[in-house]
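S.K.: The structure follows.
The values are calculated or read from the model by the stated rules, or taken from the named source; none is laboratory data. Keep in mind the model is a prediction, meaning the values are calculated, not measured. Cβ atoms come from the backbone with ideal geometry, glycine included; neighbour counts cover every protein chain shown. Remember, those area values only see protein heavy atoms, side chains included, never the ligands or the DNA or RNA. Shrake-Rupley method; radii C 1.70, N 1.55, O 1.52, S 1.80 Å.
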Amino acid sequence: MSDDCLFCKIISGEIQGDVVYQDDDVYAFRDINPQAPTHILIVPKRHIPSMNEAASGDAELLGKLLLAAARIAKDEGVSEDGYRLVINTNRGAGQSVFHIHVHLLGGRQMGWPPG
Ligand code: AMP
């Protein structure tokens, strides 16, 4: 837990989040400013600021994030039509909260390339 991290505060319950899934390692909640009909953030409970700080020892945890995202996509009913998983890393890619999170976006047609 990092004291000044928004997502750590959501995970701890200090700030309320609209949680959709959690287990021992993973927490998932709806994005407050959704960019698609389904927009969920899947985060590790352990604080890792970005993919730049992820290490080989985090491989299992990172895999759990992706598997949780796929499960949530199925539960949300977007897996058949399709969905997008995005991990913004650092400011140039649009990262604004420095706690690794996978964006799960679905429920509409996606464009490519992303902006
Ligand atoms: P990123 O820009 O990739 O770091 O994504 C951060 C995401 O966190 C954005 O999509 C925000 O809308 C979302 N966000 C910010 N504050 C909250 C909050 N309190 N609850 C849920 N999502 C949030």
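S.K.: At a probe radius of 1.4 Å, what is the per-residue accessible area of Ser79, in Å² to the nearest 10?
M.R.: Ser79 has an accessible surface of roughly 40 Å² with all protein chains in place.
S.K.: For the chain, what is the mean residue ellipticity at 222 nm derived from helices alone (per DSSP H run of n ≥ 4: -39500 (n - 2.57); sum divided by total residues; nearest 500 deg cm²/dmol)? Please report the intermediate quantities before stating the final value.
M.R.: Values: 2 runs with 25 residues, N = 115.
Helix contribution divided over all residues of the chain: -7000 deg cm²/dmol.
S.K.: Okay, moving on. With N residues in the range 8-68, what two-decimal value do you get for its Cα radius of gyration over 2.2 N^0.38 Å? Present the calculation step by step, with values, prior to reporting the outcome.
M.R.: Numbers: Rg = 12.0 Å, N = 61, 2.2 N^0.38 = 10.5 Å.
Taking N as the residue count of the range 8-68, the ratio is 1.14.
S.K.: What is the helix-to-structure angle for 59-76, meaning the angle in degrees between its Cα long axis and the longest Cα principal axis of the chain, kept from 0 to 90 and rounded to the nearest 10?
M.R.: Helix 59-76 and the main axis of the chain meet at about 40 degrees.
S.K.: Let me ask another. Just need the relative contact order of the chain here, percent rounded to a whole number, with Cα pairs under 8 Å and 6+ apart.
M.R.: Details: 170 pairs, mean separation 33.8, N = 115.
This gives 29 percent for the chain.
S.K.: Please work out how much length the chain gains when fully extended from Ala70 to Asp3, using 0.36 nm per residue of separation minus the C-alpha to C-alpha distance, in nm with one decimal.
M.R.: Working: separation 67, 0.36 × 67 = 24.12 nm, distance 2.97 nm.
21.2 nm is the gain from fully extending Ala70 to Asp3.
S.K.: So, one more: Can you tell me the dipole magnitude for the chain around its Cα centre, using point charges on the Cβ only (Lys, Arg +1; Asp, Glu -1), in Debye to the nearest 20?
M.R.: Dipole of the chain, to the nearest 20 debye: 300 debye.
S.K.: Using a basic spin-label model with each label point 7 Å from the Cα along Cα→Cβ, how many nm lie between Leu61 and Asp24?
M.R.: Each label point lies 7 Å from its Cα, and together they span 1.4 nm.
S.K.: Give the carbon-plus-sulfur fraction of the accessible surface of the chain in %, rounded to a whole number; probe 1.4 Å, heavy atoms of protein chains only.
M.R.: Values: 3270 of 6780 Å².
That fraction is 48 percent.
S.K.: Separation of the range 12-66 and the range 68-115 by C-alpha centroid, Å?
M.R.: 11 Å
S.K.: Suppose all protein chains stay in the model; what accessible area per residue would a 1.4 Å probe give for the chain, in Å²? Could the numbers behind the result be given before it?
M.R.: On the way: 6780 Å² over 115 residues.
Using a 1.4 Å probe on heavy atoms only, each residue of the chain averages 59 Å².
S.K.: What percentage of all Cα-Cα pairs in the chain are separated by more than 17 Å? Kindly include the intermediate steps, with their values, before the conclusion.
M.R.: Details: 3494 of 6555 pairs.
More than 17 Å apart: 53 percent of the Cα pairs in the chain.
S.K.: Of Gln95, Ile72, Pro44, whose Cα points farthest to the positive end of the dipole of the range 6-106 (charges on the beta-carbon: +1 Lys, Arg; -1 Asp, Glu; origin at the Cα centre)?
M.R.: The residue sitting farthest along the positive end of the dipole is Gln95.
S.K.: Can you list the lysines whose alpha carbon sits under 26 Å from that of Lys9, skipping same-chain ones fewer than 8 residues off?
M.R.: Qualifying lysines at Cα under 26 Å: Lys45, Lys64.
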